[in-house]
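Asker: Pasting a structure below so you can have a look.
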Amino acid sequence: VVLRQGSDSQQQDPLGGADGLALASDPGGTLNFLAMVENLQGDSGRGYYLEMLIGTPPQALNILVDTGSSNFAVAGVPDPDVTSYFNAELSSTYKSQGIDVTVKYSQGSWTGVLGTDVITIPKGIYGSYTINIATILESENFFLPGVKWHGILGLAYDALAKPSSSVETFFDSLVRQAKIPNIFSLQMCGAGLPVSGSGTNGGSLVLGGIEPSLYTGDIWYTPIKEEWYYQVEILKLEVGGQNLELDCREYNADKAIVDSGTTLLRLPQKVFSAVVQAIARTSLIQEFSSGFWTGSQLACWDNSERPWSLFPKLSIYLRDENSSRSFRISILPQLYIQPILGIGENLQCYRFGISSSTNALVIGATVMEGFYVIFDRAQKRVGFAVSPCAEVDGSPVSEIEGPFTTADVASNCVSSISFHEPVLWIASYALMSLCGIILLVLIILLLIPPRCQHRYTDNDVVNDESSLVRHRWK
């Protein structure tokens with residue numbers, strides 16, 4: 001593995017540039033990051049979760065770690081798919097705000113009520129803190145059979161918080177009250193293990209900094225393009241060392257994000273098709289069922305075989321903090337050809353850990369399990385370093401290499417217009433106003449006597465493709 005050495009964009013102060021380590025939240029005067037090592041459990045199929053104590057007296061719940069949303073929410077009533085829930089009536093410190101909230105995800109949704117209560121994290125930072133918390137009263141396809149978590153910890157920016165960005169997020173509250181640096185880091189240790197196993201693969205969520213024992217080599221940083229999701233800029237993809245040769249804007253359509261709450265590597269449709277074609281062309285398997293690539297079928301091999309040798313390496317190039325340079329994170333097939341279940345004593349079945357997406361490229365658990373990922377909000381950047389737990393049969397399954405020049409890509413691969421919700425609403429209202437004006441003009445034209453109307457020729461026909469109706473907003 002070739003690692004970059006001695007660059008100005010490499011490993012920085014582990015606390016993201018904060019002055020000093022003496023923190024009011026820690027009786028010892030320093031943040032003990034080692035206390036947070038292996039504070040997560042879970043797997044890539046059903047998510048990684050953290051134990052948290054909520055309310056007075058404390059109620060212990062497992063909370064899913066999600067860098068792709070911004071609400072902290074827990075089951076507030078019994079649900080057939082959860083083993084525990086938060087009973088607000090039993091907490092003397094719970095205060096309802098009486099505000100209804102609904103959150104929709106790429107899979108599932110829930111509706112609940114906002115309130116506040118105190119939380120502590122047994123394997124987190126010292127102390128108790130008052131946090132906005134939504135109690136989930138109804139949900140659809142959110143809690144799934146077999147999940148071992150009872151709520152969700154949204155760690156993205158307040159721009160995504162519901163019902164509005166005025167709801168202070170969990171991590172913002174922690175930074176303000178505990179006076180910790182505005183940075184957290186995440187390691188998920190499920191490489192090569194069944195995607196829905198015992199739920200004890202392990203991992204670490206380090207609040208307030210970086211723990212050196214959780215990575216090897218150097219940390220490579222890419223700028224956060226916009227503070228809503230953790231949006232980054234992807235320059236190109238390679239399969240088996242071969243560039244896909246797509247316009248770099250295809251990789252960022254309409255955004256590229258780092259999201260621990262998404263299980264797979266999700267790619268825009270055009271990119272996904274190119275990747276599948278390149279993998280199929282590069283792999284040593286002559287014929288492969290299309291159902292495997294679309295996720296509708298598993299592929300099974302004898303237990304004595306290791307199918308990973310049949311597939312190529314996948315590399316993602318990210319823009320460096322120095323915009324004229326890039327670096328690449330690479331995952332071996334051990335991360336994207338994922339064991340999912342055994343059949344009898346002789347067969348092991350695998351799924352394809354990459355899927356298509358209609359609205360984003362999502363670096364999910366499939367990729368993140370190869371790396372220690374640093375969310376440096378203070379310096380508006382995301383860092384990647386090789387994770388020592390990303391090994392299968394004693395060999396590393398992830399790599400970071402660079403630097404590379406960006407002379408062969410556009411100076412900006414991200415659309416200048418970000419279609420997140422505030423802009424979306426403005427655009428929607430503008431379109432509705434435009435449609436109203438057009439409708440008014442049409443009504444006036446219909447009322448004008450026929451002799452004043454324009455006689456259309458064959459060249460004047462307006463077809464459906466010019467209609468605004470087909471350009472609907474999400």
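Asker: Give me the extension gain from residue 249 to residue 100: residue separation times 0.36 nm, minus the current Cα-Cα distance, reported in nm with one decimal.
Answerer: Values: separation 149, 0.36 × 149 = 53.64 nm, distance 3.78 nm.
Fully extending the segment from residue 249 to residue 100 adds 49.9 nm.
Asker: Still on this structure, please answer the following. What is the spin-label model distance, in nm, from residue 305 to residue 120 if the labels are put 7 Å beyond Cα along the C-beta direction?
Answerer: Result for the modelled spin labels: 5.4 nm.
Asker: Across the stretch 123-131, in residue order, what do the Karplus-derived ³J(HN,Hα) couplings come to in whole Hz, using 6.51 cos²θ - 1.76 cosθ + 1.60 with θ = phi - 60° and x for Gly and Pro?
Answerer: Values per residue, Gly and Pro as x: 10, x, 7, 6, x, 10, 9, 8, 10 Hz.
Asker: Also: Which aspartates and glutamates does residue 179 reach when only Cα atoms under 13 Å apart count, and residues fewer than 8 places away in its own chain are ignored?
Answerer: Those aspartates and glutamates meeting the cut-off are 19, 26.
Asker: Rounded to a whole number, what % of the accessible area of the stretch 275-320 do carbon and sulfur atoms account for, probe 1.4 Å?
Answerer: Details: 1120 of 2400 Å².
About 47 percent, which is the carbon plus sulfur part of the accessible surface.
Asker: Provide the gained length on full extension for the span residue 284 to residue 140, in nm with one decimal, where the gain is 0.36 nm per separating residue minus the Cα-Cα distance.
Answerer: On the way: separation 144, 0.36 × 144 = 51.84 nm, distance 4.13 nm.
Once the chain is fully extended between residue 284 and residue 140, it gains 47.7 nm.
Asker: For the pair residue 273 and residue 111, how long in nm is the line joining their label points, each one 7 Å along Cα→Cβ?
Answerer: Spacing of the two 7 Å Cα→Cβ label points: 3.9 nm.
Asker: Relative contact order of the stretch 308-350, please, whole-number percent, based on alpha carbon pairs below 8 angstrom and at least 6 residues apart. All intermediate terms of the calculation are to be shown ahead of the outcome.
Answerer: Details: 49 pairs, mean separation 13.2, N = 43.
It comes to 31 percent, rounded to a whole number.
Asker: Can you give the relative contact order of the stretch 34-180 as a percent, counting alpha carbon pairs under 8 Å and 6+ residues apart? Could you put the intermediate results ahead of the total?
Answerer: Details: 344 pairs, mean separation 43.1, N = 147.
Taking the mean separation of contacting Cα pairs over the length of the stretch 34-180, I get 29 percent.
Asker: If you don't mind, another one. Going by average Cβ neighbours within 10 Å, how do the peptides 99-112, 378-391 rank, with the highest at the top?
Answerer: Numbers: 99-112: 16.6, 378-391: 21.3.
Order by mean packing, descending: 378-391, 99-112.
Asker: Further, regarding this structure: Once you put a point 7 Å from the Cα of residue 81 and another 7 Å from the Cα of residue 404, both along the Cβ direction, what distance in nm separates them?
Answerer: 3.9 nm
Asker: Divide the volume of the convex hull of the Cα atoms of the stretch 182-418 by its number of residues and quote the answer in cubic angstrom per residue.
Answerer: Values: hull volume 28.9 nm³, N = 237.
Once divided by residue count, the hull of the stretch 182-418 is 122 Å³.
Asker: In whole Hz, what ³J(HN,Hα) sequence does the stretch 252-260 give by Karplus (6.51, -1.76, 1.60; θ = phi - 60°), x for Gly and Pro?
Answerer: 10, 9, 8, 6, 10, 9, 10, 9, 5
Asker: Assign one of three labels to the stretch 34-180, namely rounded, prolate or oblate, based on the Cα gyration tensor with a ≥ b ≥ c the square roots of its eigenvalues; rounded applies when a/c is under 1.5, prolate when it is not and a/b is larger than b/c, and oblate otherwise.
Answerer: Values: a/c = 1.21, a/b = 1.08, b/c = 1.13.
Cα axes put the stretch 34-180 in the rounded bin.
Asker: Further, regarding this structure: I'd like the carbon and sulfur percentage of the solvent accessible area for the stretch 137-270, probe radius 1.4 Å, heavy atoms only, ligands and nucleic acids excluded. Provide the component values of the computation, followed by the final result.
Answerer: Values: 2080 of 4460 Å².
The nonpolar share, carbon plus sulfur, comes to 47 percent.
Asker: Let me ask something else. Please enumerate, by chain and number, the lysines with C-alpha under 25 Å from the C-alpha of residue 225, excluding those fewer than 8 residues away in the same chain.
Answerer: Result set, ordered by chain and number: 104, 162, 236, 255, 270, 380, 474.
Asker: Next question, about the same structure. Starting at the first residue of the stretch 51-59, write each ³J(HN,Hα) from the Karplus equation 6.51 cos²θ - 1.76 cosθ + 1.60 with θ = phi - 60°, in whole Hz, x for Gly and Pro.
Answerer: 7, 9, 9, 10, x, 9, x, x, 10
The values are calculated or read from the model by the stated rules, or taken from the named source; none is laboratory data. All values derive from a computational prediction rather than experimental measurement. Heads up, the Cβs are rebuilt from the backbone with ideal geometry, glycines too, and the neighbour counts pull from every protein chain shown. Remember, those area values only see protein heavy atoms, side chains included, never the ligands or the DNA or RNA. Shrake-Rupley method; radii C 1.70, N 1.55, O 1.52, S 1.80 Å.
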